[in-house]
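Q: Next up is a structure, given as structure tokens.
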Amino acid sequence: MRRKFFPAVLTILFLAAVDPAHAQQPKKVPRIGYLVAIDAATESARAEGVRLALREHGYIEGQNIATEYRYAEGKVDRFPELAAELVRLKVDVIVAAGGDRLTLAAKNATKTIPIVMTGSGLDPVEAGLVESLARPGGNVTGVTALSRELGGKRLELLKEAVPKLARVAVLHDPAGPASVRDVKEVLPAAARALKLTIQPWEVRGTDDFDKVFAAISKWRPDGLFVPGGPLMGVNRTRIVGFALKSRLPSMYQSRNFVDAGGLMYYGADLAESYRRVAYYVDRILKGAKPADLPVEQPTKVEFAINLQTAKKIGLTIPPEVLARASRLIK
């Protein structure tokens with residue numbers, strides 16, 4: 001009798017130990033869907049900046065957080081497809097790194113997964129992404145760039161750096177609403193005040209660059225202005241190469257261009273933007289609703305000048321302009 005009883009007791013204890021109701025469940029690791037308008041190489045600095053900022057909030061990749069990356073490589077028609085992929089993966093939050101068109105693709109793909117936007121573009125209210133900056137009201141929040149406010153300032157800084165500047169070629173993608181607004185509204189107003197002549201040149205695809213570069217060369221401008229956008233971003237090496245070969249002083253919307261050899265960049269402080277993206281992700285993962293998290297505008301801007309490039313194109317930048325730069329590449 002005792003021999004039968006003892007094994008029975010062990011069996012009951014074993015079943016209790018492996019009973020799913022009593023077993024300790026592994027903690028779910030939250031997943032970020034990182035949706036990018038450009039290519040991995042161009043995005044690497046921002047992605048690494050966001051990763052390090054998340055670490056400051058206690059999130060370590062591969063331990064207590066995981067990231068799914070999707071790169072559109074400058075192809076706008078891929079935005080909806082890649083956003084849909086992340087939605088199917090049921091990520092906990094989507095970071096839309098690439099402006100209003102990319103964020104809109106994510107918003108169209110899901111009304112429930114929180115979306116944190118970052119990058120330049122139209123005003124998010126104007127673009128239909130949020131109801132207001134103070135109370136977004138949906139599943140989108142994040143950081144918006146001061147594109148409209150900074151476009152005229154970029155042209156002004158280019159003129160100050162090159163006092164003899166008179167004719168400026170503007171290289172832009174007509175498929176980008178923010179770029180079109182800059183070309184039609186922002187830059188003409190600034191050019192009139194600065195007594196500059198600007199000439200827009202449209203680039204609709206990668207195959208257009210060579211013929212547009214040839215046309216710009218015939219026009220013989222004194223400077224080059226690039227508003228930005230995914231198409232410009234993935235072709236930054238070609239654009240910077242053309243500016244160097246043509247000895248054209250150039251102004252850009254993204255710091256990646258200056259790192260690649262462009263002359264100047266003026267825009268939102270990137271390190272601060274990374275920290276704010278991580279802040280939104282942290283708040284959302286802890287239960288905050290995007291509808292209740294106000295959209296932020298940059299509080300700091302940076303002005304970078306590549307002095308190596310200035311030397312290569314034979315440009316001496318006035319001391320008062322150098323003194324205003326927050327970053328000099330020597």
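The values are calculated or read from the model by the stated rules, or taken from the named source; none is laboratory data. Note that this is a predicted model, so its numbers are computed, not measured. Heads up, the Cβs are rebuilt from the backbone with ideal geometry, glycines too, and the neighbour counts pull from every protein chain shown. Accessible surface is based on the protein model in full, side chains and every heavy atom, while ligands, DNA and RNA are left aside. Shrake-Rupley method; radii C 1.70, N 1.55, O 1.52, S 1.80 Å.
Q: Arranged from highest to lowest average of other beta-carbon atoms within 10 Å per residue, in what order do the peptides 305-316, 277-288, 115-126 appear?
A: Peptide ranking by packing, descending: 115-126, 277-288, 305-316.
Q: Taking the Cα atoms of the stretch 246-330 alone, what are Rg (to one decimal) and Dmax (as a whole number) in Å?
A: 17.2, 55
Q: Give the cross-link partners of Lys27 among the lysines, using a straight C-alpha distance below 21 Å as the criterion and excluding same-chain residues fewer than 8 apart.
A: Leaving aside lysines fewer than 8 places away in the same chain, those within reach of Lys27 are Lys90, Lys286.
Q: Report, to the nearest whole %, how much of the accessible area of the stretch 93-248 belongs to carbon and sulfur atoms, 1.4 Å probe, protein only.
A: Values: 3330 of 6360 Å².
Reported share for carbon and sulfur atoms: 52 percent.
Q: Something else about it: Accessible area per residue for the chain in Å², computed with a 1.4 Å probe and the full protein assembly in place, what is it?
A: 49
Q: What's the percent breakdown of Cα-Cα distances in the stretch 191-287 across 5 Å bins, shortest bin first?
A: Values per bin, smallest distances first: 2, 11, 20, 20, 16, 10, 7, 6, 4, 3, 1, 0.
Q: If I take all pairs of Cα atoms in the stretch 141-222, what percentage of them are more than 15 Å from each other?
A: 60
Q: Average the reciprocal distances over every distinct pair of alpha-carbons in the stretch 23-144, invert the result, and give the Kirkwood radius in Å.
A: Taking every pair of different Cα atoms in the stretch 23-144, averaging 1/r and inverting gives 14.8 Å.
Q: Quick one: if you take sqrt(5λ) for each eigenvalue of the C-alpha gyration tensor of the stretch 119-172, what semi-axes come out, biggest first, whole angstrom?
A: Semi-axis lengths for the stretch 119-172 are 33, 10, 7 Å.
Q: If you look for lysine pairs in the stretch 111-211 that are eight or more places apart or on different chains, how many of them have Cα atoms under 19 Å apart?
A: 6
Q: Post the alpha-carbon centroid distance, the stretch 198-216 to the stretch 29-91, in whole angstrom.
A: First find each Cα centre; the distance between them is then 31 Å.
Q: Of the DSSP beta bridges with both residues in the chain, give the percent that are antiparallel, rounding to the nearest 5.
A: The antiparallel fraction comes to roughly 10 percent.
Q: Also, I was wondering about something else. I need two numbers for the stretch 62-126: Rg to one decimal and Dmax as a whole number, Cα atoms only, in Å.
A: Computed over the Cα atoms of the stretch 62-126, radius of gyration and Dmax are 11.7, 39 Å.
Q: Rounded to the nearest 500, what is the 222 nm mean residue ellipticity of the chain from helices alone, with -39500 (n - 2.57) per DSSP H run of 4+ residues and division by all residues? The partial results should precede the final answer.
A: Working: 14 runs with 141 residues, N = 330.
One gets -12500 deg cm²/dmol as the mean residue ellipticity at 222 nm.
Q: Related question: Got a number for carbon plus sulfur as a percent of the stretch 281-330's accessible area, 1.4 Å probe? Provide the component values of the computation, followed by the final result.
A: On the way: 1470 of 2860 Å².
In the stretch 281-330, the share of accessible area belonging to carbon and sulfur is 51 percent.
Q: Using a cut-off of 19 Å between alpha-carbon atoms, which aspartates and glutamates can reach Lys311, once sequence neighbours fewer than 8 places away in the same chain are excluded?
A: Glu160, Asp222, Asp259, Glu320
Q: Excluding residues fewer than 8 places away in the same chain, name every one of the aspartates and glutamates whose C-alpha is closer than 19 Å to that of Lys107.
A: List returned: Glu68, Asp77, Glu81, Glu85, Asp92, Asp123, Glu126, Glu131, Asp292, Glu296.
Q: Convex hull over the alpha-carbon atoms of the chain: what's its volume per residue in Å³?
A: Output value, Cα hull per residue: 157 Å³.
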